[in-house]
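Heads up: the structure comes next, in structure tokens.
Here, each number is a calculation from the coordinates, and none is a lab measurement. The structure presented is a predicted model; accordingly, all values stated were derived computationally and were not measured. Ideal geometry is used to build each Cβ from the backbone, glycine not excepted, and the neighbour counts take in all protein chains shown.
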Amino acid sequence: MAAISRDEVAHLARLSRIEMNDAELDHLASELDLILGAVARVQEVAQGDIPPTSHAIPLHNVFRADVVKPSLTPEESLSGAPATEGPRFKVPQILGEAE
Amino acid sequence: MTNIHSTAAQMSAALAAKEISSVELTQQHLDRISAVDGDVHAFLYVDTEGALAQAKAADELRASGKEISPLTGVPLALKDVLAQKGVPTTCGSKMLEGWRPPYDSTVVTKLKEAGVVILGKTNMDEFAMGSSTENSAYGPTHNPWDLTRIPGGSGGGSAAALAAFEAPLAIGTDTGGSIRQPAAVTGTVGVKPTYGGVSRYGLVAFSSSLDQAGPCARTVLDTALLHEVIAGHDERDSTSINQLVPQVVAAAKKLDVKGMKIGVVKELSGEGYQSGVSQRFQESLDLLVEAGAEIVEVSCPNFEYALAAYYLIAPSEASSNLARFDSMRYGIRIGDDGTVGAEEVMRRTRHLGFGPEVKRRIILGTYALSSGYYDAYYGSAQKVRTLLKQDYERAFEKADVLVSPTCPTTAFKIGEKSDDPLAMYLNDVATIPVNMAGIGGMSLPCGLAPEDGLPVGFQIMSPVMQDDRLYRVGATLEAALLSKWGKPLLANAPELAVR
Amino acid sequence: MPMNYEQATAAYEPTLGLEVHVELNTKSKMFCSCATEFGAEPNTQTCPVCLGLPGSLPVVNAMAIESTILIGLALNCSIAPFSRFARKNYFYPDMPKNFQTSQYDEPICVDGYLDVEIETDEGPKTFRVDIERVHMEEDTGKSLHVGGSTGRIHGAEYSLLDYNRAGIPLVEIVTRIVPGTGKYAPLVARAYVTELRDILRSLGVSDVKMEQGSLRCDVNLSLAPIGSDKLGTRSETKNVNSLRSVERAVSGEFVRQANRLESGERIVQETRHFLEESGETRPGRSKETAEDYRYFPEPDLVPVTPDADWIEELRKSLPEKPSLRRKRLQEEWNVPAKEMESMVNAELLDVVEETVKLGADATRARSWWLGEVSRLANEKEVAPTTLINANQVAEVIALIVTGELTDKLARQVVEGVINGEGTPREVIDKRGLKVVSDDSALMIAIEAAIAAQPDTAERVRGGNLPAAGALIGAVMKATGGQADAAKVRELLLKHLGQS
Ligand SMILES: [Mg+2]
Ligand SMILES: [Zn+2]
């Protein structure tokens, strides 16, 4: 049985904001199926109360002092932008709502 | 007299003796790049003007009599994943075509402070995802040993630049082996320092908890010299370790492994390892024994799960790290015809701006982090990470360093594995556990496989912040090999056509 | 015939929940060193980190951690010995990295409460609002929608982005559901936000300016028929930008939901936006197809593990709780509860206290702020404290006490200060408002009055003090009302041998 369906891949593509045509979805579904089949092995040993490791080197409480340092100039900030208007980044109309 | 075939240490000495200026040395390398890089394609961008300006500044600094770094005036090739202010930084992706960062990465800041001359930016698999540099949006890099073969990846450009004598020093980054595996297949040296040993600030993230920049060169000592330039605590990287940098240059000069225990990892051998690779690895162990080291066998039973865990953690983090490439603030924008909204433009841009491997990993990572799958995939992978760390802890109780072949095979043909992601992923089976545990790792050349005449890499692994042990063992082995061969391994590489 | 509020509350029981976002008033941002000044020119307070440029990395602002712990302690929370940042992944152009660095399942403060008192039909009643969590996150940039017919987000032709606000530290304070508020739900919500705002202000951790967005409230409300033990479907109303709006949003949403339920429609789980003009809400994004945020621990940051000493130190530094302070001031100033409440509601308690601290007596300070100043502020539709400050009011009061100003003149002085004519002194000088208090000048007028009414003067000399009124009146008339009547009386009686 396939671990991942074409519809699921389409959903993931939507979540990750990548347009995909039917051929790409089909191809990726079959590839992911193989890959997931291989990586699912982690479940064989990751049983019980083994603590998860998110950082290999366990540091904690790394802070900086609340001090203002120079920002980029607005020209530098905007320098890579595909489009600008005045001192702002110009983007296609934003549909939907913010959080 | 120094030339492009010299080591960085030799170049440094020649500069100090005023036998050559940095401008002359830099020009020699720029000439070499224009002569051979058409075939090798190690560079994505050659900063001729910038490099010569830096070389001139380095010469002036030297003339001023101020205290300078040993590497002042020595040229270097920079992997295109590190931000350099005003210089194109693409990460091998179409997405960032034309982007010039308004800031320097900490590695670049340190290189500039040391007066190292940055020749340009080297080719890489797109966003460092790959083991062959075939995933670059700008075409593959060719292995100087055989132009029909891959130079490894993702840092194939940096390794090839060293092997083609286009630069004596290079910076790589290593998330699952991207410094060590290219070093292995090009007959060069590469080190992945302890995670947190070199700042990640300005290193365009692939997998934040695994990425680490490191030094690449043609000798262990050169690698150590560069290591000391780029390493050290950085307050702009929260994961940077606030400790003194291990004394790696001193270690590389020690040439003594008497009494050291060298652990051979049982699981990183046997099936899947090319016979010539195993043979050269064994011979190197013999040389280390002759030099006074003791070989012990260690077992790391969970290593067989490392690859699977890596291919969950790295894509998961990547799916989040690469979300910022949305065409709003920088990079290319595709499909903004005025009729669709920002979200659709993001989708169109990411469709065409990312290559297949990047999209594959973003989708895989998105899946592994999804609610309902998180525990089974990402969560389990993090538990495997704990087991891998424990394997290493136990192994380092028995041995001062651990060793293995760097990769199972020598360089394969360009195109040979591009349709089989799983086969491609297997290249990194021996390098990935190091990243998962955050420890240090080195690859140095240990000979040519008899069956194909291609370089074989010898991997050394050291405990956290004991990177000096890599250099101590590596330099000793390198010296033993050199006296056995009578000349450096790279002297066997075919002459590149000069155009 | 739609139900009104009374009918709705007679039939349905509300379940209330509140999420408050507070912008901290740290000097620099949450994860970078950019300034946080409100109202700066667009994109002048941005850097690689808060623009999410490739390669940039966050570092936590220590002051933000300290402020958040203070808030947690003030809200009776436990401070977690281990907390962590996570990434909340979703795409939005306001958000440079396309993930928000926030806290998810490991927040820094948990399990607190806040008691709020409201007036009910049966007298004052206290409601305990349980706090589920207090966590840290970062604000987004701001978009400006250009073109289109409505000027709103829908139908805009394009959008412009300013990331000055991106990365400003936000603290999110989330209540558990508050059951049993019945028809008092709007009052409880308002009292909670008011008390919370007062606490935050007393801690000095935020500007708490709802109109500038430094304190923002989301109201979650669901209804169930009275007597039913089921929970209804909730809506989440955003954009509630004043205390009055909090109250109106709850009552408005109460009525809307009740009417839907009454007509057999179901409540959609969705985000709604509060409309300031009508007090109604309009639908935003439906949450039926919930976003999958793919939370995972932020690999670029390390855990926060505050040590117990630090927390105890912060606990000791907590200021007096605002509700206790109100009780204390009420006693000290000896004012009725109603008066106290009007000061609180008018948000004048701080400024009255400040005025008192500057030497004014409490009664006068209160009556000036609540009376004349508030009246003028009402006319101008601004907050009283934006017109005149405590120093100026205290100075005016001092001049009244010393007899230099009469109440009537003082009103003109206050008006002058508000009109921007300068300090009270300057207004007095410019308008020539000074009370005639020069004894010799007054004595001339007094003697003139005595000469004009010798019989009256004789009666006063004989001990008929009330008769002095006629003489005082004459003096006041002669001085054009500028004299201080009390002073005139004093001098007159003395002159006639009666003091
Ligand atoms: Mg939030
Ligand atoms: Zn910033």
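How would segment A:6-45 be classified by its alpha-carbon gyration tensor: rounded, prolate or oblate, with rounded meaning a/c under 1.5 and the a/b versus b/c comparison settling the rest? It is prolate, given that a/c is not under 1.5 and a/b is the larger ratio. One Cα centroid belongs to segment C:255-327, the other to segment C:178-203; the line between them spans 13 Å. Database remark: amide H of B:Gly130 closer than 5 angstrom to the amide H of B:Ser154 (H placed geometrically; neighbours at sequence offset of 5 or more, or on other chains; Pro and chain starts carry no H).
From the Cα gyration tensor of segment B:139-186, with a ≥ b ≥ c the square roots of its eigenvalues, which class applies: rounded if a/c is under 1.5, or else prolate if a/b is larger than b/c, or else oblate? Oblate is the answer for segment B:139-186, as a/c is 1.5 or above yet b/c matches or exceeds a/b. Counting only lysines at least 8 places from B:Lys192 when in the same chain, those with an alpha carbon closer than 18 Å to its own are B:Lys79, B:Lys110, B:Lys389. Collect residues whose amide H, placed 1.01 Å from N in the peptide plane, falls under 5 Å from the amide H of B:Ala449; neighbours closer than 5 in sequence don't count. Under 5 Å from the amide H of B:Ala449: B:Leu454, B:Val456.
What order do you get for C:Val240, C:Val219, B:Val36 when you list them from fewest to most C-beta neighbours inside 10 Å? Don't skip to the answer; put the middle values down first.
Values: C:Val240 26, C:Val219 30, B:Val36 22.
In increasing order of surrounding Cβ atoms, one gets B:Val36, C:Val240, C:Val219.
Under the classification rounded if a/c is under 1.5, otherwise prolate if a/b is larger than b/c and oblate if not, where does segment C:129-237 fall, given a ≥ b ≥ c as square roots of the Cα gyration tensor eigenvalues? The shape class here is oblate.
What the phi angles of segment A:81-95 give under the Karplus curve with 6.51, -1.76 and 1.60, with θ = phi - 60°, is a coupling list of 6, x, 8, 9, 9, x, x, 10, 6, 9, 9, x, 3, 8, 9 Hz, glycine and proline written as x.
Couplings 3J(HN,Hα) for segment B:359-370, derived from phi with the Karplus relation 6.51 cos²θ - 1.76 cosθ + 1.60 (θ = phi - 60°), are 5, 4, 6, 4, 5, 4, x, 4, 5, 5, 9, 5 Hz, where x marks Gly and Pro.
Quick check on segment C:231-288: what does the Kirkwood estimate of hydrodynamic radius come out to from the alpha carbon pairs, in Å? 11.6 Å is the Kirkwood radius here.
Over the C-alpha trace of chain B, radius of gyration and Dmax come out as 21.3, 73 angstrom.
Shown here are the Rg and Dmax of the Cα trace of segment B:107-158, at 12.8, 38 Å.
Normalised Debye scattering of segment C:320-431 at q = 0.14, 0.19, 0.21 Å⁻¹ gives log10 I(q)/I(0) of -0.54, -0.95, -1.12, counting only Cα atoms as equal scatterers and leaving out solvent. Couplings 3J(HN,Hα) for segment C:106-112, derived from phi with the Karplus relation 6.51 cos²θ - 1.76 cosθ + 1.60 (θ = phi - 60°), are 10, x, 7, 10, 9, 6, x Hz, where x marks Gly and Pro. Dividing the alpha-carbon radius of gyration of segment C:5-309 by the rule-of-thumb value 2.2 N^0.38 Å gives 1.02. Pairs of Lys residues in segment C:5-309 that lie 8 or more places apart, or on two chains, and have C-alpha atoms under 18 angstrom apart add up to 12.
With the cut-off at under 18 Å, measuring from each backbone N in segment C:91-114 to a point 7 Å along the Cα-to-Cβ line of C:Ser317 picks out C:109.
Considering only Cα-Cα distances, which of the following residue pairs are longer than 23 Å: B:Lys66/B:Lys112; B:Lys85/B:Lys112; C:Lys321/C:Lys380? Over 23 Å apart, Cα to Cα: C:Lys321/C:Lys380. A Cβ-based charge dipole, computed about the Cα centre of segment C:163-267 with Lys and Arg at +1 and Asp and Glu at -1, lands at about 100 debye. Based on the Cβ-Cβ distance of A:His27 and B:Ala35, what FRET efficiency does E = 1/(1 + (r/R0)^6) give at R0 = 35 Å, to the nearest 0.05? That gives a FRET efficiency of 0.30.
Got the relative contact order for chain B handy, in percent, Cα pairs under 8 Å and 6 or more residues apart? Each step should come with its number before you reach the end.
Details: 1239 pairs, mean separation 87.7, N = 499.
Relative contact order of chain B: 18 percent.
Binning all Cα-Cα separations of the protein assembly as shown at 10 Å, short to long from zero, yields these whole-percent fractions: 2, 9, 16, 19, 16, 12, 9, 7, 5, 3, 2, 1, 0, 0. Simple rule: put +1 on each Lys or Arg Cβ and -1 on each Asp or Glu Cβ in chain C, find the dipole, and look at C:Ser28, C:Ala8, C:Ile226; the Cα lying farthest toward the positive end is C:Ala8. Kirkwood radius, segment C:439-495, all distinct C-alpha pairs, inverse of mean reciprocal distance: 10.9 Å.
The H on the amide N of B:Ile295, modeled in the peptide plane, is under 5 Å from the matching H of B:Ile262, each at least 5 residues off or on a different chain. May I ask you to list the residues of segment A:47-85 whose amide nitrogen lies under 20 Å from a point 7 Å from Cα along the Cα→beta-carbon direction of C:Leu144? Those under the cut-off are A:72-85.
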